[in-house]
Amino acid sequence: MLFDCSLQLNRRSFLLSAASAGATGSLSLLALPLEAMPVMETSQAQEEAQFTVEARFYEKLANRKIRCKLCPRECNVGDRERGYCGVRENRGGTYYTLVHSRVCALNIDPVEKKPLFHYLPGTSAFSVATVGCNVNCKFCQNWDISQSRPEQVPARYLPPKRAAEMALQNHCPTIAFTYSEPVVFIEYVMDTSDAAHEAGIRTIVVSNGYIQEKPLREAYGKMDAVKIDLKAFTESYYQKVVTGDLKPVLDTLVTLRKMGKWTEIVYLVAPTLNDGDAEFRGAAKWVKENLGEEVPLHFTQFHPDYLLKNLPITPIATLERARAIATAEGLHYVYIGNVPGHPAENTYCPKCGKLLVQRLGFEIRQMSIQHGKCGFCGHAIPGVWSA
Ligand code: SF4
């Protein structure tokens, strides 16, 4: 099973499936009827060509060099070289993505797993990923695909229209771009979103928000809902643990707000690294002042993985402290994640206090929101509650 960045369950099944599939084979343990996906009888060169599409956000420089304008890294890439994310290559002064339609992970997930709690609750998201990421989080649960190069992970050719057809066939009202980092496969995100919308399917992106404003507006502007990881509230954490910067992520959140995109935020709480009161308070205050009190904020439990196996699981008391601080700062919808059965998985009416959505893990147990309003007092509850 794969994880939506800050969610963790049993990730080893994916590794086993990938390993058993061999270097160029299919993924064998995924939840979908993969035999329905096209298997191309092609040479390796033809296979590579079908995944290789000119990149959308870059500028040409002298001497066949390019500057990538997709994420804040702005990689300067020489001929026959790749950018930091490893999935974009300069060939003779033209920049290419190597992962268009190159799907290495495919699942049908509850939308609550993304996690989106205020967007079509109880529905399924047709979830896809390619390899690659533009940061290197030391706690990444999907490091085997996020930190890999395209040639290192088995994948299938899943063009945008076929992805939309499969979502329809599997009764998924949404396609989610997730697991690795959709910023680095943005061309596929955009084309698949167009195909999905033509087929009446909505689209979701689960992202680190580490993206420049132009591609953000053009690509995420096509999305119907967005989940952004706010991984901490200090630049030092972003530099040491994420290998990125906080400021561009905050800018992304503000831009999404201006664009009117439904957005939820996840803060993965790593013991001793980003779990201080001041940091929780600072993040909550910033969210309230810049995005408003109604943006859902999920504090999720860390489990040791990848390069942070030395840390313990986040104590539930720490998550409860984070939630208490954010609630005291005035946020209305503060959740605790990765702790199935915790009462803070539920949605409560901020006006009358009644339980509105009861969850158990990714499952909806009870729903008392009617036409976007509290079923008890009529207070408007932000989100998209029905298709
Ligand atoms: S998307 Fe990749 S190539 Fe482009 S700037 Fe970011 S890390 Fe570099």
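All of the numbers you see were taken from the coordinates with simple rules; none came from a lab. It should be emphasised that the depicted structure is a prediction, and the values quoted were computed from it without experimental measurement. Positions of Cβ are backbone-derived with ideal geometry, glycine not excepted, and every protein chain shown enters the neighbour counts.
Here is how the numbers come out for the structure above:
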{"quantity": "For the stretch 248-309, the spread of Cα positions along each principal axis, largest first, Å", "calculated": "38, 24, 20"}
{"quantity": "Relative contact order computed over the stretch 177-332 (Cα-Cα under 8 Å; 6+ residues apart), in percent", "calculated": "19"}
{"quantity": "Likely footprinting exposure, 138, 113, fewest C-beta neighbours within 10 Å first", "calculated": "138, 113"}
{"quantity": "Net charge contributed by nearby residues that have their C-beta within less than 10 Å of residue 195 (K/R +1, D/E -1)", "calculated": "-2"}
{"quantity": "Percentage relative contact order, the stretch 202-250, counting C-alpha pairs under 8 Å, at least six apart", "calculated": "42"}
{"quantity": "Proportion of all alpha-carbon pairs of the stretch 274-387 beyond 22 Å (%)", "calculated": "39"}
{"quantity": "Residue order, fewest to most beta carbons within 10 Å, for 80, 321, 88", "calculated": "80, 321, 88"}
{"quantity": "The chain: relative contact order as a whole-number percent, Cα under 8 Å and 6+ apart", "calculated": "14"}
{"quantity": "Most mobile of 320, 279, 289 in a GNM of the chain (Cα contacts under 10 Å)", "calculated": "289"}
{"quantity": "Neighbour-count order for 79, 251, 109, fewest beta carbons within 10 angstrom listed first", "calculated": "79, 251, 109"}
{"quantity": "At 1.002 mPa s and 20 °C, Stokes D of the stretch 84-132 from Kirkwood alpha-carbon radius, µm² per second", "calculated": "165"}
{"quantity": "Once the Cα gyration tensor of the stretch 160-212 is diagonalised, semi-axes √(5λ) in Å", "calculated": "20, 11, 8"}
{"quantity": "Distance between the stretch 107-152 and the stretch 319-380 - C-alpha centres, whole angstrom", "calculated": "24"}
{"quantity": "Electrostatic dipole magnitude of the chain [Cβ: Lys, Arg +1; Asp, Glu -1; Cα centre; debye, to 20]", "calculated": "440"}
{"quantity": "Spread of Cα-to-Cα distances over 10 Å intervals beginning at zero, given as percent, for the chain", "calculated": "5, 24, 34, 25, 10, 2, 0"}
{"quantity": "Cut-off 20 Å (backbone N to label point 7 Å along Cα→Cβ of residue 169), residues of the stretch 74-115", "calculated": "101-110"}
{"quantity": "The stretch 202-339 - Kirkwood radius from inverse mean 1/r over Cα pairs (Å)", "calculated": "15.2"}
{"quantity": "DSSP-defined beta bridges in the chain - what % are antiparallel, rounded to 5", "calculated": "50"}
{"quantity": "Gaussian network model of the chain, springs between alpha carbon atoms under 10 Å - residue of 239, 358, 46 with greatest fluctuation", "calculated": "46"}
{"quantity": "Helical contribution to [θ] at 222 nm, DSSP H n ≥ 4, -39,500 (n - 2.57), averaged over the chain, rounded to 500", "calculated": "-7000 deg cm²/dmol"}
